[in-house]
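Trainee: Let me give you the structure first, and then I'll get to my questions.
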Amino acid sequence: MLLQFSVTNHRSIKDTAIISLKASTDKSLVDCLISPDEKKQLVPVLALYGANAAGKSNVLHALLLMREMVCGRYAKLLRGEPLPQEPFAFTDQPTQPTSFEAIYFYGGIKYAYGFSFDKSRILTEYLYHWPNGREALIFSREGGSYQFRENIQEQLTLSGRTAENRLYLSSSNEWNCPQTEKAYLWFFEKLTGFVGTEMRLDAALSAIRQGGSEKSRILHEMLYADLG
């Protein structure tokens, strides 16, 4: 369950933009709120609205691009392949990194995961969790330097196998690292959506190949749209 997402320097977004599902102090619809940890109250639905070309779709594109970098098409880049950075164009500092951060709940545990990158490498990356209501670092990365709190020697070995253009959250899960598994699964299992033709086509084709209710729904919509 997403609590907050922030993005900096992506497409039309220059400064940090934040969306939050934290509920306000208004009690008029308190029965509609949800509580992933029996403490925080979140709204079940979030709407982004504004003028045309205000950047609404770019916020969602950034969130789904973050997923694609964790467990999608950009998660297994070959060494030296470029990262999908689309920085804000109208700036006098074209080499500025792009940054994403997601704060979310999975299995009743709160996680904060974020990273920054440019076209060639991951610059910073970090993962925190709150297993007992208190913040604890799982790992942090700055350039080629890592910090770990658990299973240190094994994770240092895994970090040495992580190319500079790949996320440690992704590569560590290829080696079944228990420290990062649940944080990764939220992106893989829970974060879905459609933004842009390319992402929509990939997701639709994948659902059709897998079959089941999603395939039936997509085929029904295609017939209803009379696309031939």
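Trainee: According to a simple spin-label model (label point 7 Å from Cα along Cα-to-Cβ), what is the distance in nm between residue 137 and residue 76?
Mentor: 3.1
Trainee: With the cut-off at 1.5 for a/c, could you classify the range 1-127 from its C-alpha gyration tensor as rounded, prolate or oblate? It would help to have the intermediate numbers written out before the result.
Mentor: Numbers: a/c = 2.62, a/b = 1.57, b/c = 1.67.
Verdict is oblate for the range 1-127.
Trainee: Mind ranking 208-215, 184-191 by how tightly packed they are, going by the mean number of other C-beta atoms within 10 angstrom, highest first?
Mentor: Working: 208-215: 10.9, 184-191: 17.2.
Result, highest mean Cβ count within 10 Å first: 184-191, 208-215.
Trainee: What distance in nm separates the two pseudo spin-label positions at residue 16 and residue 57, each 7 Å out from Cα along the beta-carbon direction?
Mentor: That separation, rounded to one decimal, is 2.8 nm.
Trainee: Moving on to the next point. Could you tell me the calculated FRET efficiency between residue 201 and residue 225, based on Cβ-Cβ distance and R0 = 22 angstrom, to the nearest 0.05?
Mentor: Working: r = 15 Å, r/R0 = 0.67.
With a Förster radius of 22 Å, E is 0.90.
Trainee: Still on this structure, please answer the following. Go through 83-89, 166-172 and give me the packing order, highest mean Cβ count within 10 Å leading.
Mentor: On the way: 83-89: 15.7, 166-172: 23.1.
Most protected by this proxy first, the peptides run 166-172, 83-89.
Trainee: Hey, with R₀ at 35 Å, roughly what FRET efficiency would residue 151 and residue 38 work out to, going by the Cβ-Cβ distance, to 0.05?
Mentor: Numbers: r = 29 Å, r/R0 = 0.84.
Given R0 = 35 Å and the Cβ-Cβ separation, E is 0.75.
Trainee: Is the C-alpha gyration tensor of the range 52-101 telling us rounded, prolate or oblate? Criteria: a/c under 1.5 is rounded; beyond that, a/b larger than b/c is prolate, otherwise oblate.
Mentor: On the way: a/c = 2.68, a/b = 1.29, b/c = 2.08.
Oblate, since a/c reaches 1.5 and b/c is not below a/b.
Here, each number is a calculation from the coordinates, and none is a lab measurement. All values derive from a computational prediction rather than experimental measurement. Here the Cβ is made from the backbone with ideal geometry for all residues, glycine too, and neighbour counts use every protein chain on show.
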